[in-house]
1. When only Cα pairs under 8 Å and 6 or more residues apart are kept, what is the percent relative contact order across the chain?
2. Given Cα pairs under 8 Å that are at least 6 residues apart, what percent is the relative contact order of region 112-254?
3. Which cross-chain or sequence-distant (5 or more) residues have an amide H under 5 Å from the amide H of Leu25, H modelled 1.01 Å from N in plane?
4. Please say if the chain is rounded, prolate or oblate, where rounded means a/c under 1.5 for a ≥ b ≥ c the square roots of the C-alpha gyration tensor eigenvalues, and otherwise the choice is prolate for a/b larger than b/c and oblate otherwise?
5. Once both labels are modelled 7 Å past Cα along the beta-carbon direction, what's the Asn22-Ser43 spacing in nm?
6. Do you know the Lys pair count in region 127-254 for C-alpha distances under 30 Å, with sequence separation 8 or more or different chains?
7. Taking the alpha-carbon distance from Lys119 and a cut-off under 17 Å, which aspartates and glutamates remain once sequence neighbours fewer than 8 residues away in the same chain are dropped?
8. Using a simple spin-label model with points 7 Å from Cα along the Cα→Cβ vector, what separation in nm is obtained for Asp135 and Leu58?
Amino acid sequence: MGSLCAPLFSLRAVSHVFPNGNRALSNITLDIQEGERLFIAGSNGSGKTLLMRIACGLLEPSSGEVFFRGAPIDKARDLRSSAGMVFQDADSQIVGETVAEDIAFGPKNLRLPKDEVDKRVRSALSAMGLADKRDYPPRRLSGGEKRRLAVAGVLAMGCSAIIMDEPFANLDYQGVVQTLEIIKRMKTQGKTLVILTHELEKALAYADRLVVLDKGEIRDQGEADETLDRLVPSYGVRDPRKSYTRAADCTWLD
Ligand SMILES: Nc1ncnc2c1ncn2[C@@H]1O[C@H](COP(=O)(O)OP(=O)(O)O)[C@@H](O)[C@H]1O
Ligand SMILES: [Mg+2]
């Protein structure tokens with residue numbers, strides 16, 4: 001049964017074992033609240049992408065239960081229009097021949113009237129700073145613009161929750177800044193934001209809560225500073241609070 005105070009996503013004792021025997025998630029219990037900004041950190045292969053694919057109903061876990069707004073995920077009818085995932089590889093998400101067509105794809109699939117689709121496309125184009133690129137072929141956009149396009153698609157669906165998988169991967173400085181501006185804006189709009197990243201130094205300022213995932217298990221979670229204080233090297237997550245004041249200090253080797 002759905003209820004107003006149910007968490008947006010709720011995972012209960014979720015485990016996933018691949019057919020090749022790889023146990024990729026073990027006994028994950030996690031609630032993500034409406035409006036929360038949650039960062040999930042962990043080294044490559046720790047299970048971040050898999051965890052959120054399962055939370056979004058894109059993959060069924062081997063065991064455990066998944067709820068969306070209190071409803072079992074397979075019965076959560078508002079899921080697709082409420083939560084959107086921006087994948088690490090922005091190219092894999094491109095479906096339209098032009099930027100505007102690409103953004104229109106989701107709202108069209110929701111069978112919204114044409115006027116409403118057009119309105120949403122215009123609004124998403126402008127929100128993501130892509131208005132002047134509306135007739136552009138998406139594949140020719142820069143990495144940062146492609147990621148903004150993927151976010152625009154999620155916004156045009158009317159999603160109140162956005163999951164960004166490695167949002168800083170393969171972006172240059174300008175692209176990182178543009179992505180951070182999106183993250184900052186989501187905060188002021190009260191959207192639920194889940195960020196999967198190991199690049200905490202770029203964005204942790206915007207986190208309400210930090211979850212540390214390692215080898216498919218949640219090792220720790222809580223307020224960011226406290227969680228970072230408890231990090232141990234074996235988690236494979238680097239404390240981003242080490243700051244550099246001189247070029248000569250700029251190395252990740254301790
Ligand atoms: N199809 C698959 N078959 C077997 N193992 C897989 C498959 N897909 C992913 N995995 C494994 O699941 C684990 C978690 O992967 P993933 O969620 O992509 O990690 P992350 O996003 O943290 O880098 C990894 O060990 C990965 O190798
Ligand atoms: Mg991943």
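Any read-out appearing in this document is the output of simple, stated calculations on the displayed coordinates, not a laboratory observation. Note that the structure is a prediction, hence the values are computed from the model and not measured. All Cβ positions, even for glycine, are placed from backbone atoms using ideal geometry, and neighbour counts span all protein chains on display.
1. Rounded, it is 25 percent for the chain.
2. Working: 124 pairs, mean separation 22.3, N = 143.
The normalised contact order for region 112-254 reaches 16 percent.
3. Amide H neighbours of Leu25, under 5 Å, 5+ apart: His16.
4. Numbers: a/c = 1.82, a/b = 1.18, b/c = 1.55.
In terms of gyration-tensor shape, oblate.
5. 1.6
6. 21
7. Those aspartates and glutamates meeting the cut-off are Glu101, Asp102, Asp132, Asp135.
8. Label-label distance for Asp135 and Leu58, simple model: 3.3 nm.
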